[in-house]
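Undergrad: Pasting a structure below so you can have a look.
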C-alpha cells in the first residue's frame, strides 16, 4: 500500500517539478537577453555622449526582474540582433546643437540689364537683393518669421512677424511688419515672382517710385484671417488687416490715428483633378502724403488659373494670372481716379524650362490722363530647386512717348533652409 501511495505522488508531482524547472530556465534565458540588450543600449549612449564632446558617461544599473516575471524573449532577441553592430548617429552633435536655433537661409538675387531705358532703368549689373530669412517655431502656439533684405545701399526689414495659427474660433493672427494681403503679387517677395521685375500697375498705383525695385503695401500692423463656411469643394478665406499708415508713397500717416486698412476675400476651388481656379477681391484705405484730410483708396480683383497634370506635373504645367486695380486719390483740386492691370501666362516646356509672357497697362495715380503700357517675354531655366536663371525681354511705352527695349538677366540662388511660401 505504501508503495502504491509513493508511486501516485511521483506521478502527480513529477511533471510539475519538470515544468517548474523548464520555466526557470526560460526566465534565465530571457533575463540574459535583457542584460545583453541593456549593455548594447549603454554602449550606444556612451557613443552619443562621446560625439557631443567629452561628457562623462553615466553608468547604468541592470536590475533583474523578480522570478516568474513575464518577459518578451522574442522582442529582446530581435533588439539584441539589431544592436550587435554599431548604430549610425544621425546629425551627431551638430543636429543637437541647432535644436533651439531658427532655420536660416540666404537667397541671392543678381540682375543684369542691357538696352535703353531713360525713365526707369535697371543698373547694368547689381546684386539687387539678398534676402536673409530666420524662421522658427516659438512654442506650440506661435511661429516667428523674419526676412531681411540686404541691398547695395543697406539693410531693410522686408518682413518680421509673429503668427498665432491656433486661436479660438479658427482664427489666425499675425503681428509685426508684413506685406499686405492685397491681391496676389503684393504678398510675393522678389525671388518668388515669375518675372525679373514687377508689373507697371504696382509702380503706378501702389506707391512705387523710379528708385525702388521692391514696391507695394508693406507696413507694421496686425492681420487676422479665418476660413469661412463654404459649399463643398470650395475654399473661402477672409482677411482683415490694420497698419500704422506708412507705406512708400501710397499711404502717409500725419497723426497717430491715421491708420490704414486692408481687407481681402479669396476663393479657391478645383475644376478637375489637374486644374484649379483662385479668385480674390481686395480693398485698401489710408491717408496720403497731402495730410490727414486726404484719403487714398484701392480696389483690386485678381484671378489665377493653374493646370498641372498629376502624372506629368514635373514636365508640363500652365498658369494664367491677372490683376486689376482701381485707385481713388483725394487731393485739394479734387479726386483723381486711375486704373491699371496686368495679365501673364507661363508654360512649362520640360522639367527645367519655363516660357512665359506678360502684358501691362496702367494709368498713373497722380496723373490719370497719362498711362504706360508694355510687354515682356520670359524664359526661365531651373537647374535645381536652389538655383534659377531667367531671361526677360521687356518693351515699355511710357506716357512721355519714350519706348524702352531692354534685356534683363537674373540669377537666383539659395543656401540654407527656406520655408515654403503660402500657396
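Undergrad: Somewhere in the range 306-314, is a residue over 27 Å from residue 286 (Cα atoms) and at pLDDT 95 or above? If you could, list the steps in order and put the result at the bottom.
TA: Residues of the range 306-314 over 27 Å from residue 286 (Cα atoms): 306-314.
Then keep just the ones that are at pLDDT 95 or above; that gives 306-307.
Yes - at least one qualifying residue is present in the range 306-314.
Undergrad: Quick check on this structure: which one of 149, 173 is outside any loop (DSSP other than H, G, I, E, B), surrounded by fewer than 22 Cβ atoms within 10 Å (Cβ to Cβ) and in contact with a helix residue (DSSP H, G or I) (Cβ under 9 Å, 6 or more places away or on another chain)? Don't jump to the end; show me each part of the working.
TA: Details: 173 fails: in contact with a helix residue (DSSP H, G or I) (Cβ under 9 Å, 6 or more places away or on another chain).
Result: 149 is the single residue among 149, 173 that is outside any loop (DSSP other than H, G, I, E, B), surrounded by fewer than 22 Cβ atoms within 10 Å (Cβ to Cβ) and in contact with a helix residue (DSSP H, G or I) (Cβ under 9 Å, 6 or more places away or on another chain).
Undergrad: Do we have residue 338 as surrounded by fewer than 16 Cβ atoms within 10 Å (Cβ to Cβ) and within 27 Å of residue 252 (Cα to Cα) here?
TA: Working: surrounded by fewer than 16 Cβ atoms within 10 Å (Cβ to Cβ): no; within 27 Å of residue 252 (Cα to Cα): yes.
No, not satisfied.
Undergrad: (1) surrounded by 14 or more Cβ atoms within 10 Å (Cβ to Cβ); (2) under 18 Å from the mean Cα position of the chain (by Cα); (3) under 26 Å from residue 355 (Cβ atoms): which one isn't true of residue 192, the others all being true?
TA: (1)
Undergrad: What residue, of 159, 241, is modelled with pLDDT of 95 or more, closer than 30 Å to residue 390 by Cβ and part of a strand (DSSP E or B)?
TA: On the way: 241 fails: closer than 30 Å to residue 390 by Cβ.
159 is the lone residue from the list that is modelled with pLDDT of 95 or more, closer than 30 Å to residue 390 by Cβ and part of a strand (DSSP E or B).
Undergrad: Looking at residue 232 and the list (1) more than 25 Å from the chain's Cα centre (by Cα); (2) surrounded by 15 or more Cβ atoms within 10 Å (Cβ to Cβ), which single condition is not satisfied?
TA: Just one mismatch for residue 232, condition (2).
Undergrad: Within the range 388-403, count every residue that is touching a residue at least 12 places away in the same chain (Cβ under 8 Å) and loosely packed, with under 13 Cβ neighbours inside 10 Å. So that I can check it myself, show each step before the final result.
TA: Applying the first criterion (touching a residue at least 12 places away in the same chain (Cβ under 8 Å)) to the range 388-403 yields 388-400, 402.
Checking which are loosely packed, with under 13 Cβ neighbours inside 10 Å leaves us with 400.
Summing the residues that are touching a residue at least 12 places away in the same chain (Cβ under 8 Å) and loosely packed, with under 13 Cβ neighbours inside 10 Å in the range 388-403 gives 1.
Undergrad: Which of (1) under 28 Å from residue 125 (Cα atoms); (2) in contact (Cβ under 8 Å) with a residue 24 or more places away in the chain; (3) surrounded by fewer than 20 Cβ atoms within 10 Å (Cβ to Cβ) is the odd one out, the single condition residue 317 does not satisfy?
TA: Going through the list (1) under 28 Å from residue 125 (Cα atoms); (2) in contact (Cβ under 8 Å) with a residue 24 or more places away in the chain; (3) surrounded by fewer than 20 Cβ atoms within 10 Å (Cβ to Cβ), residue 317 breaks only (1).
Undergrad: Now for a separate question. Looking at (1) within 22 Å of residue 401 (Cα to Cα); (2) touching a helix residue (DSSP H, G or I) at 6+ places or on another chain (Cβ under 6 Å), which is the one condition that is false for residue 377?
TA: (2)
Undergrad: Please indicate, with yes or no, whether at least one residue in the range 181-193 is in the same structural domain as residue 404 (by TED's automatic domain parsing), free of Cβ contacts under 8 Å to residues at least 24 places away in the same chain and out of contact with any helix residue (DSSP H, G or I) (no Cβ under 7 Å at 6 or more places or on another chain).
TA: At the first step, the residues of the range 181-193 found to be in the same structural domain as residue 404 (by TED's automatic domain parsing) are 181-193.
The next check asks that each one be free of Cβ contacts under 8 Å to residues at least 24 places away in the same chain; those that pass are 193.
This time we only want the ones that are out of contact with any helix residue (DSSP H, G or I) (no Cβ under 7 Å at 6 or more places or on another chain), so: 193.
Checked the range 181-193: at least one residue is in the same structural domain as residue 404 (by TED's automatic domain parsing), free of Cβ contacts under 8 Å to residues at least 24 places away in the same chain and out of contact with any helix residue (DSSP H, G or I) (no Cβ under 7 Å at 6 or more places or on another chain).
Undergrad: Within the set of pairs 6+ apart or on separate chains, which have a first residue in the range 404-423 that is in contact (Cβ under 8 Å) with a residue 40 or more places away in the chain, a second that is outside any strand (DSSP E or B) and surrounded by 14 or more Cβ atoms within 10 Å (Cβ to Cβ), and C-beta atoms under 6 Å apart?
TA: From residues that are in contact (Cβ under 8 Å) with a residue 40 or more places away in the chain, the pairs are 404/117; 406/117; 408/196; 410/196; 412/191; 414/386.
The values are calculated or read from the model by the stated rules, or taken from the named source; none is laboratory data. If you're wondering where the values come from, they're calculated on a predicted model, not measured in any experiment. Backbone-built Cβ (ideal geometry, glycine too); neighbour counts: all protein chains shown.
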